Amino acid sequence: MIELYSDRLATPGGVFLITFSREGIYRLSFPGSKIDEDYPLAPLPWPGLKKDLKVYLSGQQVDWERYPLDCSGYHPFTAKLLQVVSSIPFGRILTYRQVAEKAGSPLAWRAAGQALKANRHPLIVPCHRVVGSGGKLGGFSGPPGWKRKLLNLENIHDYSAVDS
């Protein structure tokens with residue numbers, strides 16, 4: 001069993017909950033998300049994380065690679081998809097089909113959409129940068145409205161302008 005701890009980050013959009021283990025960030029929960037677990041409060045072992053989250057939420061690009069992620073419990077297909085999604089640059093989008101292809105499963109675009117719902121690291125693993133074919137926003141692991149808000153933060157307003 002993993003020992004998990006949590007810390008909170010107050011932002012103008014509400015309070016984010018950051019759950020972490022010794023391995024890394026376990027979950028980033030949006031303001032208003034239903035949290036079933038209550039872990040002991042502890043200071044984050046990565047002092048710059050809160051600052052970087054605020055910087056990102058102000059619309060600026062952040063390099064998330066310096067923060068370790070605890071990916072325990074992910075299905076191998078989900079882990080591979082999240083690796084692909086992590087490589088989507090700030091201000092760019094891909095379709096679920098493109099993400100599935102890059103993960104080596106070109107016919108699994110619907111499964112890709114379902115797997116991305118399991119992303120415990122939104123913002124850091126930017127699943128909001130994955131949209132449906134034809135510019136449909138598709139689903140998102142965060143609360144309603146946040147996907148569009150995050151895309152707008154990155155100055156993405158045309159969801160059909162997908163990179164190839």
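Every residue, every condition in (1) open to solvent by less than 80 Å² (accessible area, probe 1.4 Å); (2) touching a residue at least 12 places away in the same chain (Cβ under 8 Å); (3) over 27 Å from Asn152 (Cα atoms), yes or no:
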residue: Pro31; (1), (2), (3): yes, yes, no
residue: Tyr67; (1), (2), (3): yes, yes, no
residue: Ala79; (1), (2), (3): yes, no, no
residue: Gln83; (1), (2), (3): no, yes, no
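The set of residues in segment 27-52 being within 20 Å of the chain's Cα centre (by Cα) and among the acidic types (Asp, Glu) consists of Asp36, Glu37, Asp52. Looking across His128, His157, His121, one residue alone is assigned to a loop (DSSP other than H, G, I, E, B) and within 12 Å of the chain's Cα centre (by Cα). It is His121. One residue stands out in segment 142-159 among those that are in contact with a Ser or Thr (Cβ under 9 Å, 6 or more places away or on another chain) and open to solvent by 20 Å² or more (accessible area, probe 1.4 Å): the one that is nearest to Arg120 (Cα to Cα), namely Pro143. Screening Leu9 with (1) touching an Asp or Glu at 6+ places or on another chain (Cβ under 7 Å); (2) over 15 Å from Ser141 (Cβ atoms); (3) in contact (Cβ under 8 Å) with a residue 40 or more places away in the chain gives one miss only, at (1).
Within 22 Å of Ser86 (Cα to Cα) and outside any strand (DSSP E or B): is that true of Asp38 in this structure? So that I can check it myself, show each step before the final result.
Numbers: within 22 Å of Ser86 (Cα to Cα): no; outside any strand (DSSP E or B): yes.
Spelling it out, it is not the case that Asp38 is within 22 Å of Ser86 (Cα to Cα) and outside any strand (DSSP E or B).
The single residue among Pro122, Pro76, Pro143 that is out of contact with any Pro (no Cβ under 8 Å at 6 or more places or on another chain) and under 25 Å from Leu9 (Cα atoms) turns out to be Pro122.
All conditions in (1) surrounded by fewer than 16 Cβ atoms within 10 Å (Cβ to Cβ); (2) of a type in the set (Lys, Arg); (3) part of a helix (DSSP H, G or I) hold for Lys50, with the sole exception of (1). Kindly provide the set of residues from segment 119-141 that are surrounded by 20 or more Cβ atoms within 10 Å (Cβ to Cβ), touching a strand residue (DSSP E or B) at 6+ places or on another chain (Cβ under 8 Å) and among the hydrophobic types (A, V, I, L, M, F, W, C), ordered by number. Once the filter is applied, which keeps residues that are surrounded by 20 or more Cβ atoms within 10 Å (Cβ to Cβ), touching a strand residue (DSSP E or B) at 6+ places or on another chain (Cβ under 8 Å) and among the hydrophobic types (A, V, I, L, M, F, W, C), segment 119-141 yields Leu123, Ile124, Val125, Val130, Val131.
Looking only at segment 5-35, filter to residues that are hydrophobic (A, V, I, L, M, F, W, C) and assigned to a loop (DSSP other than H, G, I, E, B); which one of those is farthest from Pro122 (Cα to Cα)? Walk me through it before giving the result.
Taking segment 5-35 first, the residues hydrophobic (A, V, I, L, M, F, W, C) are 9-10, 15-18, 20, 25, 28, 30, 35.
Retained after the next criterion (residues that are assigned to a loop (DSSP other than H, G, I, E, B)): 30, 35.
Values: Phe30: 9, Ile35: 15 Å.
Only one residue tops the list, namely Ile35.
Return the residues of segment 91-118 that are assigned to a helix (DSSP H, G or I) and surrounded by fewer than 23 Cβ atoms within 10 Å (Cβ to Cβ); say none if nothing qualifies.
Step one: list which residues in segment 91-118 are assigned to a helix (DSSP H, G or I), which gives 96-102, 109-116.
Within segment 91-118, Arg97, Gln98, Glu101, Lys102, Trp109, Arg110, Ala111, Gly113, Gln114 meet the criteria.
The values are calculated or read from the model by the stated rules, or taken from the named source; none is laboratory data. From a predicted model like this one, the values you see are computed outputs, not experimental measurements. In this analysis, Cβ positions are derived from the backbone assuming ideal geometry, glycine residues included, and neighbour counts consider all displayed protein chains. Heads up: the accessible areas ignore ligands, DNA and RNA and are worked out on the full protein's heavy atoms, side chains in. Shrake-Rupley method; radii C 1.70, N 1.55, O 1.52, S 1.80 Å.
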